[in-house]
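Worksheet: one structure, shown below.
Bear in mind these aren't lab numbers, they're just calculated from the coordinates by the rules spelled out. Since the structure is predicted, the reported quantities are computational estimates derived from the model, not experimental observations. Neighbour counts are summed over all protein chains in view; Cβ atoms, including those assigned to glycine, are modelled from backbone coordinates with ideal geometry.
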Amino acid sequence: MTPLFLRRLAHAAAGALAPGPGGRWATDVFSQTRALGTQPDNVLPLGARGFDVLGNPDVHGGYLWGDDDRPTALLVHGWGADSSSMYSLIAPLRELGYRVAAFDAPAHGVNRGDQATMTQYTAAVRAALDSLGGAKVIVAHSLGSIAAVGAVAMEERPDVDCITLVAPTCTLTAVLERWSRGELMLSRAIVDRIYRELHRRNGVPVSHWDVVGLGRELDIPVLALHDPGDPVVPYCEAEAIAAGLKDVRLQQAPGRGHMGILMSPEAKSAISAFVAEHGTRTGETIP
């Protein structure tokens, strides 16, 4: 018997014999942030300096590239990754004259823990924005898109010029439904328990975590950049964002996948063009 078969069997047995604990166990698995179970060394990336993230117990700091008199561009990584996944976008943004900031989300990267909630994730983005004095540009990847839009929406009058969502997830509901039908093939009873447990842990229902629901009132230009063949997050999620927000440019990056899109020339070019069109310091370059 394979390890996957045994995991399916264990979840099925837990769901049948003890649905309450079985649902909590499955929620723990869904909430895991470290696929390899490892935590990287806490060292400064090349060319960066540190900054403190204030007022958040789950994230203590992040990284900065560029001078403090420049407007800020904040990079928000996806679930199960860390800030290093976004480093390919530092140079294009600095070339446009931005100070670039990045940080590891709760229980990701150098931060302690191996489980997190979307409430923690979003609060961490908000704390990073507050600690930086705001950001004119935000670039988020995958599930980080929900956290980024949710954090911006917390502000009554957000001073953000533009947002780029790369391979974006539109709703946590869609993520959970795809995951539950995937390798573990969870029963409906267990999935319903996960919904209830996530509601308890987050303080809001799973349906709250929706880019369109959170960002519907934002008057901020958004670029949704996605590979139509993305095997992790379907392209229809970017289409839903484009249909639901006020000002969205939907752009394809065919053949680049879910993670590879971050390093692709097409993504760098598209993001640079979008930020140059909408950003504060159009045309200004780093020394």
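Just a few scattered comments:
- Other residues with beta-carbon under 15 Å from the beta-carbon of A127 carry, at +1 per Lys or Arg and -1 per Asp or Glu, a net charge of -4.
- The Cα atoms of the range 227-270 give a gyration tensor whose axes a ≥ b ≥ c have a/c of 1.5 or more with a/b no greater than b/c, which makes the shape oblate.
- Compared with the dominant principal axis of the Cα atoms in the chain, helix 19-30 is inclined by about 30°.
- The range 62-113: antiparallel DSSP beta bridges as a percent of all, rounded to 5: 50 percent
- Given charges at beta-carbon only (K, R positive; D, E negative), |dipole| of the chain in Debye: 880 debye
- Leading residue at positive end of dipole, the range 192-266 (Cβ point charges), from A243, G255, G213: G213
- For the range 198-250: rounded, prolate or oblate by the Cα gyration tensor [a/c cutoff 1.5]: oblate
- Using the Cβ-Cβ distance between L54 and V232 with R0 set to 41 Å, the FRET efficiency from 1/(1 + (r/R0)^6) comes to roughly 0.80.
- Remark: the Cα gyration tensor places the range 117-172 in the oblate category, a/c being 1.5 or greater and a/b not exceeding b/c.
- Counting only DSSP beta bridges whose two residues both lie in the range 40-134, roughly 65 percent are antiparallel.
- Taking the square roots of five times each eigenvalue of the Cα gyration tensor of the chain, the equivalent ellipsoid has semi-axes of 33, 20, 18 Å, listed largest first.
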